[in-house]
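Peer 1: Here's a structure for you.
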Amino acid sequence: MALRKINWNDPLMRAIKAFNSIGGNSLTKEDLKRQRSAMDRAGKLAAPKGDVSIDAFKVQEISCEWIQPEMARNPQYVILYAHGGGYICGGLGYARILAAKLALATGFSVVSFAYRLAPEHKYPAQLEDGQAIWDYLLQKGYGASNILMAGDSAGGNLVLCLTQRLLKEDRISPRALLLFSPWTDMSAESPSYEEYAEKDPVLTHSYVCSVSQAYAGKDADMADPCFSPLNGEFEGFPPTFIMVGKNEILLDDSTRLHKKINKAGGKALIDIEKDGWHVYQQLPLPMANRAMKRLADYISSEIYEN
């Protein structure tokens, strides 16, 4: 399905776009309330309604959900999934969209978590929450080689940073990473910001700069690897599958990540959807269904055939 055929007046499309429509460089309480409400609405509209079971639980004070496919389940593996939303929005309802799709596509259980949000909580609160869930899964008896990590947009940033932290601490990294339009470079200086500015139906340069400041602080060096994992180390990185839309300003964040992992001796594959945009897999579209099938094929080749 070509991008030009998408009806952005559809309620779901409006909800998806609404949470990424901030202009300027400030996030007022009204902005945040509107965006967070739009994300909740998107979750209710887009999350798969059947074929998965959902169990709520907490790790410390972090609200989580354990999502399992009702059929064709492989209990040996689990996916730790971090939702997107620019680090300022999102919760379990919104996370349920891709968490359920991941469970159905892979047959694995998926654990999603509501990490603390900026600007109320700045870096490294979100990363600390992610590591708490990682440690929880290890305590539950999963070996690192049986845990995959997945994330979209800011969630992709989180799992990349967490993987780099684990490797820096000489800990075992996840079995694989599954990334949807990952936000890898907060400096926001890549050519794709200008090249695809008119084509991207969701993101804007001003929005990306606004949320990066809300997360890291106005005086932060956005190129620092703790904010921009693209500038970090990739030696010993796990196999990584990157999915990105051709029509998004974060395209270079994915293509450059793909090159860096492989240059460091890792094994990264990139899937560029020519008609796609930022995290298009969330929507109930044939294009999104085909993308999840390609992800399932990647899991089969990486997990079961190696």
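Peer 1: Inside the range 185-203, can you point out the residues that are in contact (Cβ under 8 Å) with a residue 60 or more places away in the chain, within 20 Å of ASP275 (Cβ to Cβ) and assigned to a loop (DSSP other than H, G, I, E, B)?
Peer 2: Listed by number, the residues that qualify are LYS199, ASP200, PRO201, VAL202, LEU203.
Peer 1: I want to confirm something. Restricting to the range 224-262 and keeping residues that are surrounded by fewer than 23 Cβ atoms within 10 Å (Cβ to Cβ) and of a type in the set (Asp, Glu), which single residue is nearest to GLU194 (Cα to Cα)?
Peer 2: ASP252
Peer 1: Moving to a separate point now. Could you count how many residues in the range 132-155 are in a helix (DSSP H, G or I), over 20 Å from the mean Cα position of the chain (by Cα) and closer than 19 Å to GLY107 by Cβ?
Peer 2: Qualifying residue count, the range 132-155: 1.
Peer 1: Which of the residues that make up the range 91-127 are in contact with a strand residue (DSSP E or B) (Cβ under 6 Å, 6 or more places away or on another chain), assigned to a loop (DSSP other than H, G, I, E, B) and within 25 Å of SER228 (Cβ to Cβ)?
Peer 2: Listed by number, the list holds a single entry, ALA114.
Listed here are the residues, each with its yes/no results for (1) touching a helix residue (DSSP H, G or I) at 6+ places or on another chain (Cβ under 7 Å); (2) over 24 Å from GLU235 (Cα atoms); (3) at pLDDT 95 or above; (4) assigned to a helix (DSSP H, G or I).
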position: GLY265; (1), (2), (3), (4): no, no, yes, no
position: ILE270; (1), (2), (3), (4): yes, no, yes, no
position: TRP277; (1), (2), (3), (4): yes, yes, no, no
position: ARG290; (1), (2), (3), (4): no, yes, yes, yes
position: ALA296; (1), (2), (3), (4): yes, yes, yes, yes
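Peer 1: Looking at LEU179, is it crowded, with 18+ Cβ neighbours inside 10 Å, farther than 25 Å from GLU61 by Cα and more than 19 Å from the chain's Cα centre (by Cα)?
Peer 2: The answer is no for LEU179.
Peer 1: Restricting attention to the range 219-232, does a residue exist that is polar (S, T, N, Q) and modelled with pLDDT of 95 or more?
Peer 2: Within the range 219-232, one or more residues are polar (S, T, N, Q) and modelled with pLDDT of 95 or more.
Peer 1: Any idea how many residues of the range 256-271 are under 16 Å from the mean Cα position of the chain (by Cα) and in contact (Cβ under 8 Å) with a residue 60 or more places away in the chain?
Peer 2: 1
Peer 1: Of the residues in the range 43-90, how many are under 27 Å from VAL211 (Cβ atoms), part of a loop (DSSP other than H, G, I, E, B) and of a type in the set (Gly, Ala, Ser)?
Peer 2: Adding up the residues that qualify gives 5.
Peer 1: Would a scan of the range 146-169 turn up a residue that is acidic (Asp, Glu), free of Cβ contacts under 8 Å to residues at least 12 places away in the same chain, within 24 Å of ILE88 (Cα to Cα) and surrounded by fewer than 17 Cβ atoms within 10 Å (Cβ to Cβ)?
Peer 2: Taking every residue of the range 146-169 in turn, none turns out to be acidic (Asp, Glu), free of Cβ contacts under 8 Å to residues at least 12 places away in the same chain, within 24 Å of ILE88 (Cα to Cα) and surrounded by fewer than 17 Cβ atoms within 10 Å (Cβ to Cβ).
The values are calculated or read from the model by the stated rules, or taken from the named source; none is laboratory data. Note that the structure is predicted; figures quoted are calculated from it, not measured. Cβ sites come from the backbone with ideal geometry, for glycine too, and all protein chains shown count toward neighbours.
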